[in-house]
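A short reminder: the numbers here are calculations on the coordinates, not readings from a lab. Only a predicted model underlies this, so the values are computations on that prediction, with no experimental measurement involved. Virtual Cβ from ideal backbone geometry, glycine too; neighbours counted across all protein chains shown.
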C-alpha cells in the first residue's frame, strides 16, 4: 500500500505544478471536462487556501508525480455568504451554521489510472480524521455522488447544481428566542 503524506501549506505551494497537473488529469477529462484555465485557477486557489487557518494537504505519489491528493481548511466563522458558500447557505438554511469551524474538504482528486483501489477513501479519511467535515460536489457526476455515498458521507441537500455532504450529522441549530 502506497503511503500517504500530509504536507504543510508551504510544502503544498512548493508542489503546486504537480498538484495542478494532477488536477488537470482528473478534472479536464470526462466527465468533468473543465478547461485548462480552470486548472490554472485551481493553482491560484491552492496558494490562497494554503495560507488559511487549518489548511491541510494529504497526497500520494511516486517518481515526481502526485497520484492523488485531498485538501482541506477550516470553514470561517460565521459561515460565509460569498462564492459557493452562498449556495450552500441557500440549500441548507439555518442548518449550515454549525459548519462554521468544521473542516471543509476543498478538493479530492485521484488520477484515473489509480482509481478503484481505495485511494480516494484513504485520502479523504486521512484528511478529515475524526474532525466534523463537509464538502460540496456537482450533482451531475453520478460516479462522484456514488463514491461519497459508499464512503459513508451523508447527503445534506442539493440545489444550484451541487450536493452538500457531511461526514456526520450536523447538530441541530439552537433556537434563539
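Comparing 144, 166, 67 in a Gaussian network model of the chain where C-alpha atoms under 10 Å apart are linked, the largest mean-square fluctuation is found at 144. Against the main long axis of the alpha-carbon atoms of the chain, helix 119-128 sits at an angle near 50°. Using only the C-alpha atoms, the convex hull of region 106-177 corresponds to 107 Å³ per residue.
Across 14, 68, 54, mean-square fluctuation computed from a Gaussian network of the chain (C-alpha pairs under 10 Å connected) peaks at 14.
Over the chain, what is the relative contact order in percent, taking alpha-carbon pairs closer than 8 angstrom and at least six residues apart? For the chain, the relative contact order is 19 percent. Region 25-62 and region 125-149 have Cα centres separated by 16 Å.
With the gyration tensor restricted to C-alpha atoms of the chain, the semi-axes of the equivalent ellipsoid amount to 26, 17, 16 Å, longest first. Counted by neighbouring Cβ atoms within 10 Å, the residues 41, 89 run from fewest to most as 41, 89. Within the listed set 121, 111, 83, the Gaussian network model of the chain (springs between alpha-carbon atoms below 10 Å) gives the highest mean-square fluctuation for 83. In the chain, helices alone account for a calculated mean residue ellipticity at 222 nm of -10500 deg cm²/dmol, with every DSSP H run of four or more residues adding -39,500 (n - 2.57). Annotation: extensible slack from residue 40 through residue 168 equals 42.8 nm (criterion: 0.36 nm per residue apart, minus Cα-Cα distance). Relative to the longest principal axis of the Cα atoms of the chain, the long axis of helix 16-27 lies at roughly 70 degrees.
Between 0 and 90 degrees, the angle of helix 36-50 with respect to the longest Cα principal axis of the chain falls at about 70 degrees.
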